[in-house]
Amino acid sequence: MSTTAVRLARVRAGSLRARLQNPWRRPRLLAVTTWLYVLWSLVPVLLAIRFAFNEGRSRTAAQGWSLRWFWGDPTLSVFHDPTLQSALIHSLVLAALVMVVAVPLGTMLALGLRGWGGRLSGPVNVVLLLPLVTPELMFAVGMFLLFTTAFGFIGLGTTAQAIGQVTFTLSWVVLIVRGRLATIGPDVEEAAADLGAPPLHVVWRVLLPLLLPAVAASFLVAFALSIDDFVVAQYLSGGAETTTVPMRIYAQARGAPTPALNALATLMLLVSLLALVLAYAVFRALTRGEQRGSALAQLATIDSGGAR
């Protein structure tokens with residue numbers, strides 16, 4: 001190898017080493033990894049949606065396009081199969097119950113635990129966050145024993161399913177809201193109190209408007225956890241009328257499934273996306289005009305109210 005070729009190779013190696021060691025270079029590897037993960041996550045979902053519109057019964061071979069499995073088939077489509085309709089309605093009702101109960105309760109718990117500094121605060125925090133690390137199967141078995149022994153008067157069914165899902169969803173809500181509280185800091189509350197705001201006004205007129213992003217995210221997380229739950233809903237189910245969509249998909253997938261299951265899953269995905277859009281629209285409507293200096297705007301309102 002000539003001297004010129006050796007020098008050229010050394011220059012290229014030094015240039016490559018300099019680019020790799022440069023912290024301000026474009027993260028091409030990170031971008032490639034991100035897109036590969038996105039494709040890996042979306043391709044199975046897109047395939048499942050594709051076969052929901054399949055003309056034939058096959059769930060592996062494309063046989064044209066049709067709405068047969070949504071409402072075209074007189075006996076097997078989602079809108080003509082009472083079991084699929086019942087599972088869809090029950091899943092949505094259960095998700096609504098979980099959101100209505102878990103999000104307000106979790107928000108109040110996060111606000112209460114923030115200022116609690118007693119000896120029991122540590123154990124209470126551990127117990128509250130324990131469902132996050134408890135295996136779901138163990139949690140479901142414990143809830144099943146609870147509702148069949150100590151709380152036998154409640155029994156299995158929709159109420160038991162809602163209580164079970166609220167129990168493990170509550171931890172996620174508290175975690176999300178407390179994360180938002182940590183970013184707000186205690187300075188805003190102290191400033192509002194110095195301006196003469198009573199404690200209740202500090203919560204309602206200062207903290208809650210600032211917590212709206214966390215509350216909106218908590219609603220979405222509660223909805224997603226409830227819709228996706230299988231183990232707890234299965235153990236606490238009281239019969240065919242309390243069957244959820246994941247339970248129905250699992251029961252029919254072991255037999256002779258049709259693309260109607262894909263159509264049902266597609267409808268659930270559509271409902272989830274609509275919930276996401278609705279939550280974003282509500283959040284934008286509630287926070288319109290408060291995106292810049294929202295904390296200062298709240299404190300100014302309190303200050304002007306106190307001056308009056």
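The values are calculated or read from the model by the stated rules, or taken from the named source; none is laboratory data. The model shown is predicted, which means the values in this text are computed figures rather than measured ones. Every residue, glycine among them, receives a Cβ derived from its backbone with ideal geometry; neighbour counts consider all protein chains shown. What goes into the accessible areas is simple: the full protein's heavy atoms, side chains included, and nothing from ligands, DNA or RNA. Shrake-Rupley method; radii C 1.70, N 1.55, O 1.52, S 1.80 Å.
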request  = Return the long-range amide H neighbours of residue 54 (sequence gap of 5 or more, or a different chain), with a cut-off of under 5 Å between placed amide H atoms.
outcome  = 66
key: Amide H within-cut-off set for residue 77, under 5 Å, with H built and near neighbours excluded   = none
ask   = What's the FRET efficiency of residue 190 with residue 49 using the Cβ-Cβ distance as r and R₀ = 41 Å, to the nearest 0.05?
value = 0.20
Solvent-accessible heavy-atom area per residue, rounded to whole Å², over region 150-214 at 1.4 Å = 47 Å²
inquiry  = Computing the accessible area with a 1.4 Å probe over protein heavy atoms, can you report the carbon and sulfur percentage for region 82-302?
reply    = 71 percent
request  = Please work out the C-alpha center-to-center distance from region 121-138 to region 252-282 and express it in whole Å.
outcome  = 30 Å
request  = With label points built 7 Å along Cα→Cβ from the Cα atoms of residue 67 and residue 121, find their separation and express it in nm.
outcome  = 5.8 nm
remark   = FRET efficiency for residue 137 and residue 200 from the Cβ-Cβ distance with R0 = 45 Å, rounded to 0.05, comes out at 0.60
